[in-house]
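The values are calculated or read from the model by the stated rules, or taken from the named source; none is laboratory data. Since we're looking at a predicted model, the values are computed, not measured. Cβ coordinates were reconstructed from backbone atoms using ideal geometry, including for glycine residues, and neighbour counts include every protein chain displayed. Note: accessible area is taken over every heavy atom of the protein model, side chains too, but ligands, DNA and RNA are not part of it. Shrake-Rupley method; radii C 1.70, N 1.55, O 1.52, S 1.80 Å.
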Amino acid sequence: MMMISVLSVLLAGASANPVTVEIVASGHIETPADRFRVTGSVLACAANQAQADALLAQKIAAITRTMAGMGAVKSNGEAKLSFAGMMGAMSASRSSVECNASALGDMLAGSAAGQSKEKPPGQVGANSSLSFDAPDLATAARAIVALTAADAKPADKAVPVLVDEMVAKRGAKQQALAKARVEADAYAKSLGLESATLTKISERQDWGSLDFVGQMMRTIGLAGGSTSDKVFTDVTLTVEFRLEGR
């Protein structure tokens, strides 16, 4: 997607006067993923906080051993999640409120049926987010099944990640610059001008721009689709050119 806004266009005598044009262009790169991230959330409930914390530690240790046995290792944070990945991770969150949800439900059901029930002793909870990186999609699928079996509430699908996304970002920037250059040259030709000189590059994004909204919609769509084996890198640049005659 590309938007173009002319800051100053002098239609009369254009060949004799410089024209400044600002072009917003996007680059899109698809790179095979280095690994596939599986996220989940584990909850432990007990009579007091110390017991809940101890039980949580035991659950995490057991889950980590299970993951290691299938080749999925704990994420160390060096690979950042995309927007789609963050949305998936948020869907896997849990709260200690769940510890007393069933007991409260039973008490309310009894009250509705005219049966008086005493409020059961409350439990406290300890919860933690989990994140593991699998080497391939097949391992990631098995990891999700294992997290489900361990009551660790995994996200619906794995998220492809890159250890180092800088190469992909730079490639997307080069693509965006190339698109902007083509449009600048087309402007110069249509105005009877000779050259298009690059004068400014900005990576700042306007939240209300159509280009930015388009990227967000595509990302949200990816979050709801099937797991891809590629990482999608989108970069948008605002590029300014000075168009001049001979």
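Residues that are modelled with pLDDT of 60 or more and touching a Lys or Arg at 6+ places or on another chain (Cβ under 9 Å) number at least 3 in the following strands (runs of 3 or more DSSP E) confined to segment 1-103: 19-32, 35-46.
Residues that are within 14 Å of E30 (Cα to Cα) and β-branched (V, I, T) were ranked within segment 160-169; the one that is least open to solvent (accessible area, probe 1.4 Å) is V161. Cβ separations smaller than 9 Å between residues 6+ apart or across chains give the following pairs from segment 170-197 residues that are within 17 Å of E30 (Cα to Cα) to residues that are loosely packed, with under 14 Cβ neighbours inside 10 Å and among the acidic types (D, E): K173/E203. Among the residues examined, K200 qualifies as of a type in the set (D, E, K, R), at pLDDT 60 or above and either open to solvent by less than 60 Å² (accessible area, probe 1.4 Å) or outside any helix (DSSP H, G or I) (or both). Contact map, segment 37-51: first residue closer than 14 Å to M67 by Cα, second residue β-branched (V, I, T) and open to solvent by 40 Å² or more (accessible area, probe 1.4 Å), Cβ cut-off under 9 Å, separation 6 or more or different chains; pairs are G40/T148. Is it the case, given these coordinates, that A50 is of a type outside the set (D, E, K, R), over 20 Å from D133 (Cα atoms) and either loosely packed, with under 12 Cβ neighbours inside 10 Å or out of contact with any Phe, Trp or Tyr (no Cβ under 8 Å at 6 or more places or on another chain) (or both)? Against the criterion (of a type outside the set (D, E, K, R), over 20 Å from D133 (Cα atoms) and either loosely packed, with under 12 Cβ neighbours inside 10 Å or out of contact with any Phe, Trp or Tyr (no Cβ under 8 Å at 6 or more places or on another chain) (or both)), A50 qualifies.
Scanning segment 139-170 for residues that are under 22 Å from T233 (Cα atoms) and either basic (K, R) or more than 19 Å from the chain's Cα centre (by Cα) (or both) yields K157, K169, R170.
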